[in-house]
Structure formats: structure tokens, C-alpha cells
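Asker: The following block contains the structure, expressed as C-alpha cells.
Taken together, the values in this text are just the output of simple stated rules run on the coordinates, not laboratory data. Quick caveat: nothing in here was measured; it's all calculated off a predicted structure. Virtual Cβ from ideal backbone geometry, glycine too; neighbours counted across all protein chains shown.
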Amino acid sequence: MEALKAPEQPAPSGRGQIWLRRIGWFGIGLLLLWMLAWVAVPPLLKWQLQARLSEVLGRTVTIGEVGFKPWTLELTFGDLVIAGTPAGPANTAAVPSDPNAANAAKPPKIEPLLQIQRLHVNVSGSSLFRLAPVLEEFDVDAPRVHVTHVSPGHYDIDDLIARFTPKPDPKAAPSEPARFALYNVQIRNAQLRFDDRPVGRVHTVESLNLSLPFISNLPAQVDVKVEPRLAFKLNGSAFDSGAQATPFAQTRSGTLNWKTADLDLGPYLVYLPESLPCGSRAERCRVICAAVRGAGERGAEGGAARFGRCARSS
């Protein structure tokens, strides 16, 4: 009795072999293209971005590392720095009489305007046929911003404001807004430092965390992975918020929760006009509280707003 033999598979026809060969060569070519982009794009992008951003901003821009994943269209930038400008002396202290001490004095350190530890962008492939940027993820880790109020009406970013202020052109036709879509926006552990030298105060915003599901004027099918949240510390006072919204529902309802510890209003009293008819510290604090309450209640149009006690230092 002869052993049963497995049925032989028919050999692929000549046309089938050609298609298999084409698919194989296509896969090899795509893999080689990915490897070439993975190796060549980061240094090229770093070189171009540093040169072009420095030219546009008029400030030196440096980028530490650039990473690129061509198979997912993800870009990562590390240690991005925008240089600052000399903002003048921090105070008007007298010049030391000792010449040796004067020679040993070092010029004030110029703080960078912006430092970003890590910037991660995930570009959607739909950007190609939409002809507009569609970002599935936009993450910023540990940004540091330092702005100085040098003198009344002058800041160390006046040059940037002048560069980007559009010049009025009565003959220019009205342009349409730029089309874009940003999803899953997250800013983690940000710090803002505002040096107000005319009044001799430094205001800081620390531990700032911001999450936004999307900022878009384009319809796009992107998975939303984050919930809206804003939390930070302003001069040591903690603020926190959370929100739930149904942006695609007919009612467009939403809920915003805002929490804060006792807020010391003392550092902000110097910004009230001198002509304000309230001289005492308590009266000025009450003026600020009333302004905050009024702004919040006007902003709660179509909803409700509740404010608790406005704390102040004694």
C-alpha cells in the first residue's frame, strides 16, 4: 500500500512570479528609503532650521539633537534655545571705588529668551492631501521663558515685536486664516520668568502643565488622547483646573473646574493706577478681587460661575 502524498501546489505562473518580484523589490526600496531618511534628515533639518530661524528672528537659535522616524513621521527636537539680548543692568548700584573690584566685575549673564528641553511632533499623513499641517501629537517638555521689562514701555523682546508687527497696507486684499489642525497638545513643567525692573519685582510661573485635546479649523479623524487641563504656580500660589466638554454634541455643553490656594495680592498692588481712590493695602486688594470676579462672571456667558473668598496677605 503506497503512502499518501500531499497534493503538490501548482508553481506560480510567470506573471505571478513577476508580481512577487516587484513586491519584493518595492519592499526593499521602501526599507532603504526609510533608512536613508532616518540617517540624512536629522542633520539636514538641524542645519536648515538653525540658519533659517536665526535669520527670521534676528536671534541666535541652536538645536541640540534632532530625531526623525520616517515610518511614523515623528520629529523630536532636543535642547532648543533662542538667545536673549542684553537688557541692561538689573539695578543702578553705585560703581565700586576700588579699581581692581571694577575690573573683576563681570558683565551680567544674558539669559536665553526661550529654552525647550524636548519638542515632539507627530505629523499625520493626511497633511499631504489636505495641503495643511495636521499634527496628531504636539508635546513640549520643560520650556523656559524669560522676559525682562527694561524700562517703562520697553521690553527685551521689542525687536521681535517690531519684526512680526504687520505693516498696514490699504491695498492688500483680506486673506483667509491659515488652515491647521493640532491634536493632543501637551506642555509639561513649563516655567515663565518676568523681570519687572522698573518696579523691582520678579514674577514667576512654575510647574505649568497644559493639556488641550485639539486646536483646529480643519475636520480630521484623529484619536484624542488627552483631557483639557491647566495647572501652574504663580509666585508660589497654586492653581489647578480641569474640564469636560462635548464639542461635537448639539448643545456644546462643558464643565470647567478651577481650584486655587490662598492668593497673595500684595505683589500686584504696584500695578494699580496711582489715581485710584484707595490708598490702603486692604482697599487695593478689594479692588483687584472685584475686578477678578467681574471678569469671570462676564466670561461665563451662557453658563454659571462661582467664586469663593479672595485671599490676600495682611
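Asker: Please list 179-187, 207-215 highest first by mean number of surrounding beta-carbon atoms within 10 Å per residue.
Answerer: Values: 179-187: 18.1, 207-215: 16.6.
So the order, starting with the most tightly packed, is 179-187, 207-215.
Asker: Under a Cβ-Cβ cut-off of 14 Å, what is the net charge of the residues other than His149 that fall near it, where Lys and Arg count +1 and Asp and Glu count -1?
Answerer: Working: positive: Arg193, Arg197, Arg201; negative: Glu111, Asp156, Asp158, Asp195, Asp196.
Every neighbour counted, the sum reads -2.
Asker: So, one more: Quick query: amide H of Ser124 versus all other amide H atoms, modeled in the peptide plane; which residues come in under 5 Å with a sequence gap of 5 or more or a different chain?
Answerer: Val134, Leu135, Glu136
Asker: Here is a further query. Put a dot 7 Å past each Cα toward the Cβ at Thr60 and Tyr268; how far apart are the dots in nm?
Answerer: Using points 7 Å along Cα→Cβ, the separation is 3.8 nm.
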